[in-house]
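One structure below.
Taken together, the values in this text are just the output of simple stated rules run on the coordinates, not laboratory data. Quantities reported herein were computed from a predicted structural model and do not represent experimental measurements. When we count neighbours, we look across all protein chains shown, and the Cβ atoms used for this are built from the backbone with ideal geometry, even at glycine.
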Amino acid sequence: MDSSFESQGQPGNGLASRNPVTGWNWKGEFTGPSGSGKTRWCLALADYASILGIHAGGLVSPAVFEGGLKVGIDLLDLRSGAQRRLAVRRGESGNGQITEDWHVDDETLNWGNAILAHSGACQLFILDELGPLELERGVGLTNGIGLIAARRYRLACVVVRPTLLEIAQALWPWGEVLQIHSNHPLEAILFR
């Protein structure tokens, strides 16, 4: 496929055919390798929704770069615009969970979980990302798992790593898997 997006479901089952504005309870599991643009895509979707008068809720995890190197990950609340440092490279000071590459801050995880716990119904829910902390260890942004299962949204976009798709699909069998590639035009997904 030439586009920067592939659906692993039936042809034509993309966002445009699902009518994200008027349809109910559609969930996409957005996946792709590290650096493929999943977070940029989520931010672009939230911006596009805002132009249409649709307010997005949820959390996005933008990378932090210094001198061209990824040195951290932030956690951004889409409703308020508040942002906190979520993770720093392993070996740097910090408290909390440790992954293969990152030292994840427990206070920021608690802040993110509080945001998710108080999230009401919304038209567009975005969660970037549910990773090994949540889906393998049962820690991290765990309130997101229940929020997705409650289906209090019209459209949910959840970023899941390719290696964790099987777990995500078992939790939410109604979701559609959408592959994001580098240099993603949002329009390729919305209007295919």
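When the Debye formula is applied to the Cα atoms of the range 48-106, each taken as the same point scatterer, what base-10 log of I(q)/I(0) results at q = 0.18, 0.20, 0.22 Å⁻¹? Treating every Cα as an identical point scatterer, log10 I(q)/I(0) equals -0.68, -0.77, -0.85.
The length gained by stretching the chain between Ile98 and Glu136 to full extension, at 0.36 nm per residue less their Cα-Cα distance, is 12.4 nm. Given a cut-off of under 8 Å on Cα pairs at least six residues apart, what relative contact order in percent is computed for the range 48-178? Once normalised by length, the contact order is 20 percent.
Between Leu171 and Leu69, the FRET efficiency estimated from the beta carbon spacing at R0 = 35 angstrom works out to 0.55. For Val64, the residues whose amide H sits under 5 Å from its own are Val71, Gly72, Ile73, Asp74, ignoring neighbours fewer than 5 places away on the same chain, with H placed 1.01 Å from N. Counted residue by residue at 0.36 nm each, then reduced by the alpha carbon distance between them, the extension gain from Ala121 to Ala150 reaches 9.5 nm. Under 5 Å from the amide H of Thr99 lie the amide H atoms of Val104, each residue being 5 or more positions distant or on a separate chain, with H modelled from the backbone and absent for Pro and chain starts.
Under 5 Å between amide hydrogens, built in the peptide plane, is the criterion, and for Gly58 it picks out Leu78, Arg79, Ile126 among residues at least 5 positions away or on other chains.
Other residues lying with their Cβ under 12 Å from the Cβ of Ala46 contribute a combined charge of -1, Lys and Arg counting +1, Asp and Glu -1. Annotation for Ser34 and Arg79: the two label points, set 7 Å from Cα along the Cα-Cβ direction, are 3.2 nm apart.
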